[in-house]
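To keep things clear, I will list the structure first and then write my remarks on it.
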Amino acid sequence: MKKLFTLFFAGIITITANSQGLDFDGSDDYVRLPGHPSVMNGSPFTFEASIKPRPSGSQIISIATRGSGDPFYLYIEPMGGGMPGMPGMGGGPTSWMIMCDLWNTTYQLHRAHYVIDGSFFNNWHHIAAGYTGSQWTLYIDGVAVSTVPFTGVLGNMSAQPLYLGTYQNM
């Protein structure tokens, strides 16, 4: 099975395997962390992960998701040149976008995103997303690449499990 990315996650826990991290294939390899009262409880937070993504063709690469209805979702999505799930529709993606979605309690989407090209793959990168209470910022390798204002109230996701390496509803 083709491996889509390797993740080294530090924060709540540290995951390592042979000092390289965990390999996720985008299908049945993932980590599910139970909810905790002090994590993503509506207060400001930062999610951080070191990833080594592999090209996935037209498949979305899910890095992390948490909460019923996806109030937090970090992923890499192919852009242009092909359509996910539609073989033969173009020659494959020409670029990708790292997207980090955060929803408020009235279902307004706040999306920080950044376009990447093929040189991003097969290399280690530090990805972070930070919520300050009024802003949602995506960082790549220590650089703020996208900041959007956050309006409304962030819901309490502390009871929801955090999924690494898969989309929670799969």
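A Förster distance of 25 Å, applied to the separation of the beta-carbon atoms of residue 32 and residue 94, puts the FRET efficiency at 0.15.
Find the accessible area per residue for segment 101-170; the probe is 1.4 Å, ligands and nucleic acids are left out, and the unit is Å². Each step should come with its number before you reach the end.
Numbers: 3460 Å² over 70 residues.
On a per-residue basis, 49 Å².
The label-point distance for residue 159 and residue 41, in a model that sets each label 7 Å from Cα toward Cβ, rounds to 1.4 nm.
Neighbours of residue 96 by Cβ distance under 9 Å: Lys/Arg scored +1, Asp/Glu scored -1, total -2.
The values are calculated or read from the model by the stated rules, or taken from the named source; none is laboratory data. Since this is a predicted model, take the numbers as computed values, not measurements. Cβ atoms come from the backbone with ideal geometry, glycine included; neighbour counts cover every protein chain shown. These accessible areas exclude ligands, DNA and RNA; they are computed on the full protein's heavy atoms, side chains included. Shrake-Rupley method; radii C 1.70, N 1.55, O 1.52, S 1.80 Å.
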